[in-house]
Structures are given as C-alpha cells and as structure tokens.
Amino acid sequence: MAAATDRNNTRGTILITGASAGVGMEAAKALMQDGWHVVAAVRNVEKGRRVLGEQADVM
C-alpha cells in the first residue's frame, strides 16, 4: 500500500468509517500497522475499541 507522507516522512491522520467490522476494520488495522493515526467512526464504540484496541481514536 503506497502511503502519503509529509516532508518529514511521517504518516498523517486518516478517518475510517465502519471500522469495527469488515473492510473498514481491515483497512483500519492495515493503516495503523503502516504508521497512520486512525480515527475510527463506528456505531458501537465498545466493539470498536475491542476490535481496534488503543491504537485508534474510536468514536
């Protein structure tokens, strides 16, 4: 996955909707592993935190 970087070669912040299941969850996990700061939009915050852990900001 090619990632956008700034001049300091650091990853940015990305918003993923539907991040507690399916494609959204897998995308969020992959982006977090690649160094992105993930803001995860979910319907069930408890499930989102359980699935994504403390690495993502779940709302």
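For segment 42-57: of the residues being of a type outside the set (Asp, Glu) and under 13 Å from Thr13 (Cα atoms), which is surrounded by the fewest Cβ atoms within 10 Å (Cβ to Cβ)? Quick ask: steps written out before the conclusion?
Initial filter on segment 42-57 (of a type outside the set (Asp, Glu)): 42-45, 47-53, 55-56.
Imposing the further condition that a residue be under 13 Å from Thr13 (Cα atoms) reduces the set to 55-56.
On the way: Gln55: 14, Ala56: 22.
So, considering only residues that are of a type outside the set (Asp, Glu) and under 13 Å from Thr13 (Cα atoms), the one surrounded by the fewest Cβ atoms within 10 Å (Cβ to Cβ) is Gln55.
Which of the residues spanning segment 18-31 are among the hydrophobic types (A, V, I, L, M, F, W, C), in a loop (DSSP other than H, G, I, E, B) and within 11 Å of the chain's Cα centre (by Cα)? Walk me through it before giving the result.
As a first pass, look at segment 18-31 and keep what is among the hydrophobic types (A, V, I, L, M, F, W, C): 19, 21, 23, 25, 27-28, 30-31.
Cutting the leftovers down to in a loop (DSSP other than H, G, I, E, B) gives us 19, 21.
Correct list: Ala19 only.
Tell me which residues, restricted to segment 32-44, are closer than 13 Å to Asp57 by Cβ and either among the hydrophobic types (A, V, I, L, M, F, W, C) or not in a strand (DSSP E or B) (or both).
First pass over segment 32-44, keeping only residues closer than 13 Å to Asp57 by Cβ: 32, 36-42.
Scanning segment 32-44 gives Met32, Trp36, Val38, Val39, Ala40, Ala41, Val42.
Mind checking which residues of segment 15-37 are in contact with a strand residue (DSSP E or B) (Cβ under 8 Å, 6 or more places away or on another chain), surrounded by fewer than 18 Cβ atoms within 10 Å (Cβ to Cβ) and of a type in the set (Val, Ile, Thr)?
Thr17
Pairs please, first residue from segment 34-59 and within 9 Å of Ile16 (Cβ to Cβ), second anywhere and surrounded by fewer than 12 Cβ atoms within 10 Å (Cβ to Cβ) and of a type in the set (D, E, K, R), Cβ atoms under 8 Å, 6+ apart in sequence or on different chains.
Between residues of segment 34-59 that are within 9 Å of Ile16 (Cβ to Cβ) and residues that are surrounded by fewer than 12 Cβ atoms within 10 Å (Cβ to Cβ) and of a type in the set (D, E, K, R), there is no close pair.
Only the coordinates and a few stated rules stand behind these numbers; no lab work does. Remember, predicted model here, so these are calculated numbers, not experimental data. Glycine also receives a Cβ, built like all others from the backbone with ideal geometry; neighbour counts cover every protein chain displayed.
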